[in-house]
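Beneath this line is the structure, given in structure tokens, with notes to follow.
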């Protein structure tokens, strides 16, 4: 399966070394990078390029890339003005400057340029800007303030490629042209990098992993790789498919006063293509589910208190008879958690559902995760072990905590450092023997196998609203019901959910005045875009839209 990798500075450097070791000269990588970047810039509107392009070059290989860009622009007839902080110091950068010299005009920007190129600092930089470099970045800021488009080569100068830390004085880019791989820091600071464009610089197979072994670089699925992941899910769209083939999805939650969570999950499951959707809710919520989602069936919880007063007074709860249990509908996937609640009745429902639907693929979200942590605390064990025990007979399990819920599962505050956060996520998924999707910006997915994390960098602030996670649960449960593995359902589900939000937001031009229904209505067009896999321009591997600053 073809995927792209999101790398730290060290992981990116290892890929360069691997490609060089495999026979690609280092200068060829620079030549490919600069040429691909120039080709992208040449697709800008002619009225922008007519004023010429100002390029800022540092002393290292990032500056060498800038020299190649300048030469290729000049050869294409675009006036290119090179401003070099100091003469180049690396062998490849010196060679690039020599080759570019006949084509270039040297000097500070005139102030009329409508496009400037940041080639000052690359992935090797970390920490504060030095005095001289701070002054050069200030020139870039002034050009941007005059209306110029800022295009960064590989990474904006002053942005740490690994951690996303932004040095004081670093200039935010409108477009970042990433060479070979997207750098992790770019995903962690989308507001600072603008539109991200991944360019092919000739790394070949080394872009995926340096040498024969794998490493910890995050995986990102987009375009054709999403279609590869979906596999058997497409069988549910066959011309002769029926509702049984399209998957029976159970959604358990909806305590008294919280029917809306299951309603949103059910709507998402139906929009995602489920054949049959069942809401399993508190008796007080049955009529609400039936009224608000007429396409879904509604059932009361399999474990019900004799009355609310009985629950409050601690009296015994009623259980289904064996004949009732045998009559329970069967599901191809069961999601537990949306609006489930955290009371005694909810705590009784959770294990009963797991017992009734042994062997069923599961999604555990929201209150289900809270109850798992409660049960673990009561027994004096860790939540990962509790989840492993509870779901031991389920063939596929996806847990979908947000950062606060994940911290509760861990029993410790979630670290701010992404390396530490990623390590804890991987360890927890392995111990719990399930796939864990940690919601956020970006979203991370860890499988139980210990493979590198998957990252989903899609979404807009419209997802930062109550009920968004319930919609994601419905989408993932549908993909599980249609045969996707836990990892694939989590990765594709989060991608689909996030890109639907991006599409809906782009159509409106704002997140104000929108609801989750707008995102749900965009699921269909986004799915169609997966299947079409619109090709990118030559040399462009993938793109991420700019986010609002």
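Over the chain, what is the relative contact order in percent, taking alpha-carbon pairs closer than 8 angstrom and at least six residues apart?
This gives 14 percent for the chain.
State, as an integer percentage, the relative contact order of segment 420-466 based on alpha-carbon contacts under 8 Å between residues 6 or more apart.
30 percent
Averaging over every viewing direction, what projected area does the convex hull of the Cα atoms of the chain cover, in nm²? Could the numbers behind the result be given before it?
Working: hull surface 108.5 nm².
Approximately 27.1 nm², given one-decimal rounding.
Could you sort the peptides 281-292, 140-151, 109-120, 465-476 by per-residue average Cβ neighbour count (10 Å cutoff), highest mean leading?
Ranking the peptides 281-292, 140-151, 109-120, 465-476 by packing returns 465-476, 109-120, 281-292, 140-151.
What is the spread of the Cα atoms of segment 4-221 along each of their three principal axes, largest first, in whole Å?
Each principal axis gives a Cα extent; for segment 4-221 these are 49, 34, 32 Å.
Report, to the nearest 10°, how far helix 418-432 tilts away from the longest principal axis of the Cα atoms in the chain, using its own Cα long axis and a range of 0 to 90°.
30 degrees
What is the fewest-to-most order of 130, 246, 408, 43 by other Cβ atoms lying within 10 Å of their Cβ?
43, 130, 408, 246
As an exercise, find the ratio Rg/Rh for segment 168-302 from alpha-carbon atoms, using the Kirkwood inverse-distance average for Rh. Can you show the working numbers first?
Details: Rg = 22.6 Å, Rh = 19.1 Å.
Looking at segment 168-302, the ratio lands at 1.18.
Arranged by the count of other C-beta atoms within 10 angstrom, fewest first, what order do 543, 420 take? Spell out each step's value before the answer.
Details: 543 15, 420 11.
Placing the least packed residue first, the sequence is 420, 543.
As I understand it, the value is the acute angle between the Cα axis of helix 91-100 and the longest principal axis of the Cα atoms of the chain; what does it come to in degrees, rounded to 10?
Compared with the principal axis, the helix lies near 60 degrees.
Which whole-number percent is the relative contact order of segment 4-221 (Cα, under 8 Å, 6+ apart)?
26 percent
Any chance you could get the radius of gyration and Dmax over the Cα atoms of segment 226-532, in Å?
Spelled out, the Cα radius of gyration and Dmax of segment 226-532 are 18.4, 58 Å.
Over segment 37-121, what lengths in whole Å, largest first, do the semi-axes of the equivalent ellipsoid take, defined as the square roots of 5 times the eigenvalues of the alpha-carbon gyration tensor?
Working from the Cα gyration tensor, I get semi-axes of 20, 12, 11 Å.
Show that you can apply the helix-only estimate: for the chain, add -39,500 (n - 2.57) for every DSSP H stretch of four or more residues, divide by all residues, and state [θ] at 222 nm to the nearest 500.
Helices in the chain give a 222 nm mean residue ellipticity of -12500 deg cm²/dmol.
Mind pulling the angle between the C-alpha long axis of helix 9-21 and the longest principal axis of the chain? Nearest 10 degrees, somewhere in 0 to 90.
On a 0 to 90 degree scale, this one is about 60.
Quickly rank 505-511, 5-11, 522-528 as a protection proxy: mean count of other C-beta atoms within 10 Å, highest first.
Listed from highest to lowest mean packing, they are 5-11, 522-528, 505-511.
If you look at just the Cα atoms of segment 22-65, how large are its Rg and its Dmax in Å?
13.0, 42
Counting other C-beta atoms within 10 Å, which of 243, 439, 344 has the fewest, and how do the rest follow?
So the residues, fewest neighbours to most, are 243, 344, 439.
A short reminder: the numbers here are calculations on the coordinates, not readings from a lab. All values reported here derive from a predicted model rather than from experimental measurement. Reconstructed Cβ throughout: ideal geometry from the backbone, glycine too, with neighbour counts over all protein chains shown.
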